[in-house]
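The values are calculated or read from the model by the stated rules, or taken from the named source; none is laboratory data. Small disclaimer: the values here were computed from a predicted structure and weren't measured. A quick note on method: Cβ atoms are made from the backbone with ideal geometry, for glycine too, and the neighbour counts reach across all protein chains shown. We work out accessible area using only protein heavy atoms, side chains counted, and drop any ligands, DNA or RNA first. Shrake-Rupley method; radii C 1.70, N 1.55, O 1.52, S 1.80 Å.
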Amino acid sequence: MPEGTRLTPEGTRARLTPEGARLTPEGARRPRRGATTIEEVARAAGVSRQTVSNALNAPHRVRPDTLERVTTAIRELGYQPDQSARSLRSGARRTIGYLAPVDDPFDPNPLMAGFLEALVDAAGAHGQRVLLFRPAPGTADPLAAIDELVAARQVDGLVLADVLRDDPRIGHVARAGVPFTTFGRTGPGEPQHWVDVANGPAMAAVVRHLAERGHRRIGYVGGAEDLPWMADRRTGLLAEARRLGLTTVTAVRPDVAAVRELLAGPDRPTAFAAGSDLLALDVYEAVRAEGLAVGRDVAVTGFHDTPLCRHLHPPLTSVRLPLRAIAGALVERLLGQVRGEAVPAAGVELPTELVVRASSPASSPGLCS
């Protein structure tokens, strides 16, 4: 049978339009009498009804060439699965709960906004929705919010972010038997359902970049050390600087005044590595307050590669996080738990990318001595 055609109930050949309508044997367009059924999709693709169901619900079980045929038939026929009926039969909600970190809507975290965008896309690629939730107003108990959502059977599993050491959410969700994954590492003895970036190696790459450009004295501006990712970044920077024989100095506080104190000293750093792009902004301000110029007198790097990096003057060198890969891995590992597949024994560590811009030039001869 030629591609793009199928047999009508009367046995005559009818051609399908891209919109899923039918052309009569005479070629005149007419609307379909009713919604396309899964059986019609199966016939058009030359597969069984179960194969179509697998393509919709468990595409990993279908051979790539077969999946492509089924997907093409679904698109050409305009088939729309009955999500509510499927949920009733399987008990699945096809919804992922995301416990959104507390944020200021007038000063949102640009990294987590980008991550949420990537998470919604990754979930949608699997026919899943993302339900954002937080503790009730006036409370700060995420465990109660999780219990309420799970008891209402609104989600199939959870994605948690900003995971801290001894995070109470991890044990609570694990004891409840709820499928979950985390953006951030869980501790020893806890389920290793995490996806994270290699924070230490990422900062080591920053140090190598600055060393290759002639910088021998590097300042570091970091955030709270109780945040595991910030602690890992500092550790990575110090270890690589020791290995390369560089001098490092850490700002006593992550603010403009502390950076200015370092710049005013006799052995001021020729470069600063910041633990985030927002902290790099403080370095920019401090450098200018001392009558110096970023990219000429002092090199500066950030971490996260948020959109503001491209709009600074000069544009900021920064570590880019693979947000789409992170979100994709989180969704894949979560849905594997929902399907009852074997749970991996270890988390997933993804590499970062150093995006070099004009803020980190080579050190001038007078500064690298």
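Observations
- Counting only protein heavy atoms and a probe of 1.4 Å, the accessible surface of the range 193-238 is 53% carbon and sulfur.
- Solvent-accessible area per residue for the range 189-252 (1.4 angstrom probe, square angstrom): 41
- Kirkwood hydrodynamic radius over Cα pairs of the range 207-274, then Stokes diffusion coefficient at 37 °C and 0.692 mPa s, in µm²/s: 269
- Accessible area per residue, Å², the range 292-369 with all protein chains present, probe 1.4 Å: 44
- Filtered chymotrypsin sites (Phe, Trp or Tyr not before Pro), the range 239-337: DSSP coil and at most 16 other beta carbons within 10 Å: none
- Whole-number D in µm²/s for the range 205-341 (Stokes-Einstein; Kirkwood sum over Cα pairs; 10 °C, 1.306 mPa s): 100
- Share of carbon and sulfur in the accessible area of the range 240-369 stands at 56%, probe radius 1.4 Å.
- Loop-located GluC sites (Glu not before Pro) across the range 164-240 with a Cβ neighbour count of 15 or fewer within 10 Å are GLU225, with loop assigned by DSSP.
- Rounded to the nearest 20, the Cβ-based charge dipole of the range 140-236 about its Cα centre (Lys and Arg +1, Asp and Glu -1) stands at 660 debye.
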